[in-house]
Every structure is written in structure tokens, then in C-alpha cells.
């Protein structure tokens, strides 16, 4: 749990995008954020993807060098006030930890991987705070990144629809112009292909509607500046301006020869893919005008950190929605959570567990019976699968994998691979919390409404020592048998349970 911020506290958000890495540093003052520093480097992580989940060595080193420089700037900011998020390019790696472990060492902080829809939520949050929408009005936000493009409809600070598609300025340039050659024929074919991908959500978006459209991030900003430099607009992007920009771009036979007013040298190699995506978006959604926002995901990350510290944590809302959607037994979930928290409070110090661990334990307790909606047989496996593979607002991939590992391990034999997806820095707490949840579930197996009369626990190294009222336990032979059999089931946790 992120502690409340105090006046003067410094916060930082790091965005490992597929094209550029960004960092924003802000000071918390009187309940507001004041930006004090911004860093941006063109890393083109997406350029190093080989299509098989690998990352080119020189691009990997370029990314690590950038993160090392970023890390120097935020060396003195506590980890609870820094969030670093990786997006599409890292999502495509077949072995993300091979990159994330040295990346975290270079930055000096943990790096979380987020889904495309979580990226969309944070983008919208940043734009909405920077340019507050009019009350009651819906807004469309489009963010063309290096590897993916996010489309969001929101109202106020909340999203109503979120989509993320695998088309971006780098990925589309590589996909449709692999040798750098440009032609009107290739452009038409690419436009048709991308527009077809957009049709999967365009009809629903147009039916919902919006009052204004905003473009976030570098590609939209660059195209707005080109439109202004060509005297087509004053900085916004208009449907009638895009054909003129496209025609000017296609005068060049090769990407290296693109000559567009207002276009920077570092944006030239990827502008074709970005303009292509934006033209398809305008056509598919029937857009006439799109203003350009000054904010993006990194600002959204800062405001999300504020929300987490002030009790307005979107993850709590997501957990509540899952409970309602899957019809989880609230009373049983609460019993298990209360028992797990009682155990946690007694061993947290010895096992070095903190506030974030308590949150994860509580959420796992509330969701441990999620899989019963699918089938009783193997329901812990069904529940873990749903948690790991759903788009859950507010959660990073690692957080979902953490919860899934706990739910998967709360009953029956624990698979040796249960924790394989987690980075090493999370393994010890994940295993310890899993044991606490497992014991809490066993103690509440009978679904009794009366509280457990005596529940004492202590941690002795890797052993959890449990003390229960003897008469209470003797009157529950099934529970005693379950607890006594646990010793043989905990091998994959690397922990032991002992009844005292």
C-alpha cells in the first residue's frame, strides 16, 4: 500500500515505450503535482524485436544505457514513489525477465509490464487531468505509440471503452514498408488492412459517440506540427489536412528521403507508419478534427500513484467488479481474508512483508473461489487462469501473475512451475503469502460463522508455526487431518508448516 504523500515529496514515472523512453519527475505540493523535470530519449526498443520474441543486442544495450541515465536522476527517490512501466515491445518478448532483470538494475527500481488496455486507462487518466473534459461530455483519446495504438472513450476521469491494437508507428512502418520504399499502391493496401483491424471496435465506438477527440503522445504531436508548418491547421489535425500531408510524404520514393515541414530527424524513420495509422483511424471512426494533448501515459501514472495513496485505488474497484461478475461467496471470502490478515499481522515483521503484500493477500483471499463459477474440479486452476489472462484495470502483468500464483496454490498439490512467471524479487513474498492464504482457506473450510477462538502464528525461518485452541481443534478431526497433511504438500513453496 502506497503511503500518503507529504508536501515536498518527489514522485517519478518512467515510461518504457516501444519508440521512446520518458521520465517525469514531479513534486507533491498542497495536494497537487508540479512537474520539475522531464527526460526523453529515442530508444526504439520496438525496432530491435526480431519477430520471434528476441531483442537485438545493440538495441538492448541502448535501452539499458538510457535507463542507467534515468536511474541517476531518481536515485534518491524512495521506491514507493517511483513507478516504471513497460508496454508493447516488452510484452512481445518471449523471455521478458532476460531484459527486465538488467533493466531494473540499471534503473535502480522495479519495472512493471502492463497490458494494452491498462496502458489505455493510464493514457486517458493523464490526458483528463491535464485537460479536464467538460462535465458530462464524452471524449475520444487516441495514442499512437511505437508498437501499439490505444483508443479510449471516457467521461470525466473514468474510461468507458478501452482498446489496444498491435499497430504503431514503428510496427506499421516495419510491417508495410520493410525495405523503406514508399508508393501509393503500398499505402492503399496498408490503409485497407489497418482499417479492417479497426472495424472490430469502430462501429461500437461510433454508436457510443464523443464530443471531442484528442491525440496523445509523440506521433500525434508530430503530425499536428507538420499540419501547422504546412499551414493546413493551427496545430490540430483535420480530416481535410491528412491527404495533403500524405501526398507530400509520398513524394519521397524512400523513407530516408521524406521531406515534411516541421518533421524532426529522429521522427522521420517512423512517421510513415504513424501517419498511416492516423489516416485509418480518421476514416474508420469518421473523425473531422483531433486536437493534440500535452499529456500522455506518464502523467497518468503519476495521478494513478496519487489515487492509490489517497484510497482511490482502481484495483479495489476491479476486485469488487470481479466478485460481482463471478458470483463469489462474499461471506466466505471475508472469513478467509480476515483469517489471512490475522496470520499476516503476526508474521509480517519476521518475514519482511509490507503494505503491498497485505493488499495482495487480501485480494487473493477475496478471489480464491473465482474458479467455482467454471467448475468445482480444479477450480483453483480455473481461477488462476482467469486472473492471469484477464484485462484487470489498475493491475500490472506482474501483479496479476502474483495473484494468479497465490490462487493456484491455495489448495491441492502445488506445481513446481506455479511461481515461474514472477521475477526473483517477488518470489519470497509470493511463497510466504501463498502459505498464509492456504492455511486461512483450510481453517475456514467448514464455512463456520463463529470466529476462530485462538489463532497464533510465528515465523521461525522458513517455518510457519501455528497454535490453535486444542479443544477447538480436537472437535474438528477433518481440519486436524488437513493441517497435518500440509507438511508433505509444501515442497514447491520451500516452506514448512508446524502445529504447536
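The values are calculated or read from the model by the stated rules, or taken from the named source; none is laboratory data. Since this is a predicted model, take the numbers as computed values, not measurements. Cβ: placed from backbone, ideal geometry, glycine included. Neighbour counts: every protein chain shown.
Residue count for the range 77-87 under the criterion of being over 14 Å from residue 43 (Cβ atoms) and touching a residue at least 60 places away in the same chain (Cβ under 8 Å): the result is 6. Looking at the range 37-60, can you tell me whether even one residue there is part of a loop (DSSP other than H, G, I, E, B), over 24 Å from residue 401 (Cα atoms) and in contact with a helix residue (DSSP H, G or I) (Cβ under 6 Å, 6 or more places away or on another chain)? Checked against the condition, which is being part of a loop (DSSP other than H, G, I, E, B), over 24 Å from residue 401 (Cα atoms) and in contact with a helix residue (DSSP H, G or I) (Cβ under 6 Å, 6 or more places away or on another chain), the range 37-60 yields at least one hit.
Go through 101, 127, 90 for me and flag whichever is surrounded by fewer than 16 Cβ atoms within 10 Å (Cβ to Cβ), in contact (Cβ under 8 Å) with a residue 12 or more places away in the chain and either assigned by TED's automatic domain parsing to the domain that holds residue 159 or assigned to a helix (DSSP H, G or I) (or both).
101
Can you pull out the residues in the range 309-333 that are assigned to a helix (DSSP H, G or I) and in contact with a helix residue (DSSP H, G or I) (Cβ under 8 Å, 6 or more places away or on another chain)?
Result: 314, 315, 319, 322, 323, 330, 333.
Checked against (1) in contact (Cβ under 8 Å) with a residue 40 or more places away in the chain; (2) buried (at least 17 other Cβ atoms within 10 Å of the Cβ), residue 492 meets all criteria but (2). Just one of the listed residues (152, 114, 144, 170) is closer than 30 Å to residue 192 by Cβ, surrounded by 24 or more Cβ atoms within 10 Å (Cβ to Cβ) and in contact with a strand residue (DSSP E or B) (Cβ under 6 Å, 6 or more places away or on another chain), namely 152. Only residues that are over 17 Å from residue 351 (Cβ atoms) and assigned to a helix (DSSP H, G or I) were counted across the range 461-500, and they come to 20.
Residues checked against (1) surrounded by 16 or more Cβ atoms within 10 Å (Cβ to Cβ); (2) closer than 19 Å to residue 105 by Cα; (3) touching a strand residue (DSSP E or B) at 6+ places or on another chain (Cβ under 8 Å); (4) assigned by TED's automatic domain parsing to the domain that holds residue 266:
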position: 26; (1), (2), (3), (4): yes, no, yes, no
position: 30; (1), (2), (3), (4): no, no, no, no
position: 42; (1), (2), (3), (4): yes, no, yes, no
position: 46; (1), (2), (3), (4): yes, no, no, no
position: 77; (1), (2), (3), (4): yes, yes, yes, no
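With respect to residue 459, determine if the residue is closer than 20 Å to residue 419 by Cβ, modelled with pLDDT of 95 or more and assigned by TED's automatic domain parsing to the domain that holds residue 345. Considered against the rule, which asks whether it is closer than 20 Å to residue 419 by Cβ, modelled with pLDDT of 95 or more and assigned by TED's automatic domain parsing to the domain that holds residue 345, residue 459 comes out as no.
Give the range 229-245 a look and list any residue that's surrounded by 18 or more Cβ atoms within 10 Å (Cβ to Cβ) and not in a loop (DSSP other than H, G, I, E, B), or say none. 237, 242, 245, listed by residue number.
The single condition from (1) in contact with a strand residue (DSSP E or B) (Cβ under 6 Å, 6 or more places away or on another chain); (2) free of Cβ contacts under 8 Å to residues at least 40 places away in the same chain that residue 58 fails is (1).
Scan the range 348-372 for residues that are exposed (fewer than 15 other Cβ atoms within 10 Å of the Cβ) and either closer than 16 Å to residue 410 by Cβ or in contact with a strand residue (DSSP E or B) (Cβ under 6 Å, 6 or more places away or on another chain) (or both) and the total you get is 1. What do you reckon, is residue 403 over 16 Å from residue 110 (Cα atoms) and either buried (at least 19 other Cβ atoms within 10 Å of the Cβ) or more than 22 Å from the chain's Cα centre (by Cα) (or both)? Considered against the rule, which asks whether it is over 16 Å from residue 110 (Cα atoms) and either buried (at least 19 other Cβ atoms within 10 Å of the Cβ) or more than 22 Å from the chain's Cα centre (by Cα) (or both), residue 403 comes out as yes.
The set of residues in the range 195-214 that are within 11 Å of residue 153 (Cβ to Cβ), in contact (Cβ under 8 Å) with a residue 40 or more places away in the chain and part of a helix (DSSP H, G or I) comprises 201, 204, 205, 206, 208. Is it true that residue 67 is in contact (Cβ under 8 Å) with a residue 12 or more places away in the chain, touching a helix residue (DSSP H, G or I) at 6+ places or on another chain (Cβ under 6 Å) and assigned to a helix (DSSP H, G or I)? Yes. Residues being in contact with a strand residue (DSSP E or B) (Cβ under 9 Å, 6 or more places away or on another chain), closer than 28 Å to residue 92 by Cβ and not in a loop (DSSP other than H, G, I, E, B) are represented in the range 173-182 by at least one member. Does the range 297-307 contain any residue that is part of a helix (DSSP H, G or I), surrounded by fewer than 19 Cβ atoms within 10 Å (Cβ to Cβ) and under 26 Å from the mean Cα position of the chain (by Cα)? Looking for residues that are part of a helix (DSSP H, G or I), surrounded by fewer than 19 Cβ atoms within 10 Å (Cβ to Cβ) and under 26 Å from the mean Cα position of the chain (by Cα), one finds at least one in the range 297-307, hence yes.
Condition first: more than 31 Å from the chain's Cα centre (by Cα), within 17 Å of residue 343 (Cα to Cα), not assigned by TED's automatic domain parsing to the domain that holds residue 352 and not in a loop (DSSP other than H, G, I, E, B). Can you find one or more residues in the range 433-442 that meet it?
The answer is no, given that none of the residues of the range 433-442 is more than 31 Å from the chain's Cα centre (by Cα), within 17 Å of residue 343 (Cα to Cα), not assigned by TED's automatic domain parsing to the domain that holds residue 352 and not in a loop (DSSP other than H, G, I, E, B).
Against the test of being farther than 23 Å from residue 314 by Cα and part of a loop (DSSP other than H, G, I, E, B), the options 428, 415 yield a single qualifying residue, 415.
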